[in-house]
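In what follows, a single structure is set out as C-alpha cells and then discussed.
Quick note: the coordinates plus some simple rules give every number you see, no bench work behind them. Please read all numbers here as calculations on a predicted model, not as lab measurements. Cβ coordinates were reconstructed from backbone atoms using ideal geometry, including for glycine residues, and neighbour counts include every protein chain displayed.
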Amino acid sequence: MSSKEAILSKYRQNIRQQFDMPDLSDIQAITYPDPLVQFIQMTESVGGHVIEVKAGQDINAIVKELYPDAKEIASNLPEVTIATRNPDEVGRARDLNGTDVGIIRGKFGVAENACVWIPQQMKEKAVCFISENLIILLPKSQIVNNMHEAYKRIEFDETYDGYGTFISGPSKTADIAQVLVMGAQAARSVTVFLMPDAQELPLIPIVADAPGSEALFLIDQSFVQKGALVLGGNAEIEIRMLFQGLSDDHLEEQVEGVDIPSSWTGCDILGVHHAVGDV
C-alpha cells in the first residue's frame, strides 16, 4: 500500500457520518465564443506567456531563442533534443535543482482561468516546480471552457501513483503586505507553447522503393521528433493513429518490409494503412 492510500485508509476508518454529494447538474458554467482566445488572454493576465507554434517550426530553436543563456534544460520529451537533464534518469529530485528551463507536456487547458492539466509523466515531478522557467507544450485544440468540463477530463498515469496538477502561469504570492511576488514557490516564468494539430503538419514523401509505393515522413509534430516508414510493393501509407515509443523490432513484427534507419530509433511512428490490411 502506498503512503497516500495508507493515509486515506486511516481517514476512512474514522468517518462518523457521511453526506451525499450535492446535485450540481443544474449549474450553468461559463462558456466562451472562442475558448482558445480566452485561454490566451487569461494566460497573459496571470503573468504567463503564450507562443503559437507553427507547423514546421522547431521547438528546440524557439527555446534557445527565448533562453539563450540557459545552461541546464530538463525534459523527458522525445522531441526536445537540447535537454541536458532527464527527470526520468536523475537519482533524486534535488538533482534537478539549478534547472534553468523545464519542458513538460500538458493534456488540456482551461479558458476560464488559464489552468493547464499536467498529470505526472516523469519519474521526478519536481521538474514542474523547481525549474526557474517552465515551458508547457499544449495542443491548441485541447482547450475546455471551464473547470466543470476540466474535471470530467482529468486522467492520471497510474505508473506514477495517480498524481497530477493544474498550473496557471508562474508561481505567485501576495500574502506579505499584499505585495504580489512572482516566482515565490515555483517557476518564475511559464510559457505555453500552443502546438499545431496533426492536420496542420507537413507530410513529406521520402522513400518509394518500388513502383506504386509511397512513404510519408511526419515532422515537427508536438509528439514526434522524427519518424519514417519504408515499405516495398504496392503499399499505401496513411496517417491513422499515433503509436508512441514503438521500436524497430515491434514494427518489423507487424509490417513485412519495414526498414527504420538506426539513426531514427526511439522515435514515435504513425499508424500505417497497408495494401493488405491495417496495422
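Using per-residue counts of other Cβ atoms within 10 Å, averaged over each peptide, order 109-116, 8-15 from highest down. Intermediate results must be reported in sequence, preceding the final value.
Values: 109-116: 24.6, 8-15: 8.4.
Ranking, from highest mean packing down: 109-116, 8-15.
Got the relative contact order for region 145-199 handy, in percent, Cα pairs under 8 Å and 6 or more residues apart? Show your work: numbers first, answer last.
Details: 37 pairs, mean separation 12.2, N = 55.
About 22 percent, as a whole number.
Can you work out the FRET efficiency for the pair D23 and E65, with r the C-beta to C-beta distance and R0 = 45 Å, to the nearest 0.05? Before the final figure, lay out the partial values.
Values: r = 51 Å, r/R0 = 1.13.
Approximately 0.30, to the nearest 0.05.
Which lysines have a Cα lying under 21 Å from the Cα of K172, excluding residues fewer than 8 positions away in the same chain?
Hits, sequence-local ones excluded: K125.
Can you give me the Rg/Rh ratio for region 22-101, using Cα atoms for both radii and the Kirkwood formula for Rh? Before the final figure, lay out the partial values.
Numbers: Rg = 18.4 Å, Rh = 16.1 Å.
We get a ratio of 1.14 for region 22-101.
Which order do peptides 51-57, 26-32, 150-156 fall in by mean Cβ count within 10 Å, highest first?
Averaged packing, sorted descending, gives the order 51-57, 150-156, 26-32.
Per 0.36 nm of contour for each residue apart, how much would the distance between A174 and E44 grow if the chain were fully extended, relative to their Cα-Cα spacing? Provide the component values of the computation, followed by the final result.
Working: separation 130, 0.36 × 130 = 46.80 nm, distance 1.82 nm.
So the chain would gain 45.0 nm between A174 and E44.
Treating the beta-carbon of each Lys and Arg as +1 and of each Asp and Glu as -1, no other charges, what is the dipole magnitude of region 30-196 about its Cα centre, to the nearest 20 debye? Provide the component values of the computation, followed by the final result.
On the way: 15 positive and 21 negative charges, 16 e Å.
So the dipole magnitude of region 30-196 works out to roughly 80 debye.
So how do M195, M147 line up by other beta-carbon neighbours within 10 Å, fewest first? Could you put the intermediate results ahead of the total?
Details: M195 28, M147 15.
In order of increasing Cβ crowding within 10 Å: M147, M195.
Along the positive direction of the dipole of region 1-142 (beta-carbon charges: Lys, Arg +1; Asp, Glu -1; about the Cα centre), which of L66, G91, S9 reaches farthest?
In region 1-142, that residue is S9.
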